[in-house]
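Engineer: Shown below is the structure under consideration.
The values are calculated or read from the model by the stated rules, or taken from the named source; none is laboratory data. On a predicted model such as this, the values are computed, not experimentally measured, just so you know. Note: ideal-geometry Cβ built from the backbone for every residue, glycine included; neighbour counts use all protein chains shown.
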Number of protein chains: 2
Amino acid sequence: MKVKVVESVLNANDAVARSNKKVMDEACVLALNLMSAPGSGKTTLLENTIPSLAKEGRSAVLVGDLQTSRDAERLGVSAAEVTQINTGRGCHLSAAQVADGLKTLEFDDIAYLFIENVGNLVCPASFDLGEHAKVVLLSITEGDDKVAKYPTMFQPADVILLTKMDLMEHIDFDINRVKDDLKHINSKAPLFEISSKKGDGMDKWLDWLKDRRSNL
Amino acid sequence: MKVKVVESVLNANDAVARSNKKVMDEACVLALNLMSAPGSGKTTLLENTIPSLAKEGRSAVLVGDLQTSRDAERLGVSAAEVTQINTGRGCHLSAAQVADGLKTLEFDDIAYLFIENVGNLVCPASFDLGEHAKVVLLSITEGDDKVAKYPTMFQPADVILLTKMDLMEHIDFDINRVKDDLKHINSKAPLFEISSKKGDGMDKWLDWLKDRRSNL
């Protein structure tokens, strides 16, 4: 019985996700689902990404959090449109929540939609939202064992960002361990090493975004 | 319908949790449920805690991870008994998984049972395991906004450990913001600032553990 309910929830989610994707395609908006553990730097990444994409067009953001509108307030400075989705006890965004969020956004001249998922390295991986690509962040402060320990998140990633690289000299982190684990779990997604704070590595990430948008 | 299924799962979990607690009480073992985001330092904390409790008695550990037995291997060096529980896609430990794990442990001369939950700052908060106390870790590298953003985890905590304090000088983290948020969410749990790596603050945490065990 329990399995049937779960399958039905996932099927219903996928149907709404397909509908969301159609909305994005028709508006010619590249939709990205950003996922990571809490505090890996999703909001800081967006604060530093959105202004650099201004020439390509404006960005909209849907932000998922259990509580507070702090991330939406931070992103309101640079993004053209921001909607905060509070999930209460919910551990991930669903396609239906994103569908509701989409209704709050004006898509005129919007080139990119960033969907910042709830900080959680497990549950969000199971729920498609209608995005064109899944972006997974891993902060080096979380340790070099996380790819092997959370394979369900890293396996479907389209791009992986290793964040907070500016802290490398202060912590024990073996980047080769991450690369070796990715060879077994996901050898296709590019891995970019970045520091949003210092700007290092941001060019490759921005080029990847522009390339994906131009191939919509 | 969906709510009924969820309630029934939680009720079934609570019944097994009560049974687990009875087993712990009869064995005079203090059981602690360690919860945090991925990479907050649960395993490193235990590597540095267990040897310091040797005078009080031996420690056993149940470790939850989606995949790998890396944490169990690390903890096997210091703990008397260690069992790894792999949850697959499961985002938290359940009381039933802990009940199965308890059957694998020998409780002779065991004083402490540490249950290291799956790294996840949302879901584990909803599932009692039969523990005597909930220990929640927050690494300062995750940011000072996490108490407000994840209140369901911090509200039921019996003790909160602020970890990786040795990195304070390299990051932006306002400890007063955490303390202010805790005043609204959980004003009873003590907050200990620690660095497992350098040993700072470990004495207060160890004293808290010994005190809780002596009051079993």
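Engineer: Could you tell me which of the residues A:K22, A:K4 is at pLDDT 95 or above, charged (D, E, K, R) and out of contact with any Gly (no Cβ under 7 Å at 6 or more places or on another chain)?
Structural biologist: Within the list A:K22, A:K4, the selection yields A:K22.
Engineer: So which residues in region A:79-107 are within 12 Å of chain B (Cβ to nearest Cβ) and among the small types (G, A, S), if there are any at all?
Structural biologist: Listed by number, the residues that qualify are A:G88, A:G90.
Engineer: Right, something else. Select from region A:34-62 the residues that are in a loop (DSSP other than H, G, I, E, B), in contact with a helix residue (DSSP H, G or I) (Cβ under 9 Å, 6 or more places away or on another chain) and not charged (D, E, K, R) and write down the one among them that is farthest from A:D144 (Cα to Cα).
Structural biologist: A:G57
Engineer: Going through B:G130, B:G88 one at a time, which residue ends up being among the small types (G, A, S), assigned to a loop (DSSP other than H, G, I, E, B) and surrounded by fewer than 17 Cβ atoms within 10 Å (Cβ to Cβ)?
Structural biologist: Being among the small types (G, A, S), assigned to a loop (DSSP other than H, G, I, E, B) and surrounded by fewer than 17 Cβ atoms within 10 Å (Cβ to Cβ) holds for just one of B:G130, B:G88, which is B:G88.
Engineer: So, one more: Any idea which of (1) part of a helix (DSSP H, G or I); (2) more than 11 Å from every other protein chain (Cβ to nearest Cβ) is the one A:E169 doesn't satisfy?
Structural biologist: In the conditions (1) part of a helix (DSSP H, G or I); (2) more than 11 Å from every other protein chain (Cβ to nearest Cβ), A:E169 misses (2) alone.
Engineer: Looking at the structure I just gave you, is A:A17 aliphatic (A, V, I, L, M), surrounded by fewer than 17 Cβ atoms within 10 Å (Cβ to Cβ), in a helix (DSSP H, G or I) and modelled with pLDDT of 95 or more?
Structural biologist: Spelling it out, it is not the case that A:A17 is aliphatic (A, V, I, L, M), surrounded by fewer than 17 Cβ atoms within 10 Å (Cβ to Cβ), in a helix (DSSP H, G or I) and modelled with pLDDT of 95 or more.
Engineer: Filter region B:133-161 down to the residues that are part of a loop (DSSP other than H, G, I, E, B) and either small (G, A, S) or without any contact (Cβ under 8 Å) to a residue 24 or more places away in the chain (or both), then identify the one that is nearest to B:L32 (Cα to Cα).
Structural biologist: B:A157
Engineer: Another question, then. Among the residues of region A:159-182, which ones are under 23 Å from A:L209 (Cα atoms) and surrounded by fewer than 19 Cβ atoms within 10 Å (Cβ to Cβ)?
Structural biologist: Result: A:D166, A:K179.
Engineer: I've got another one for you. Scan region A:61-78 for residues that are touching an Asp or Glu at 6+ places or on another chain (Cβ under 9 Å) and away from chain B (no Cβ under 13 Å) and jot them down.
Structural biologist: Within region A:61-78, A:V61, A:L62, A:L75, A:V77, A:S78 qualify.
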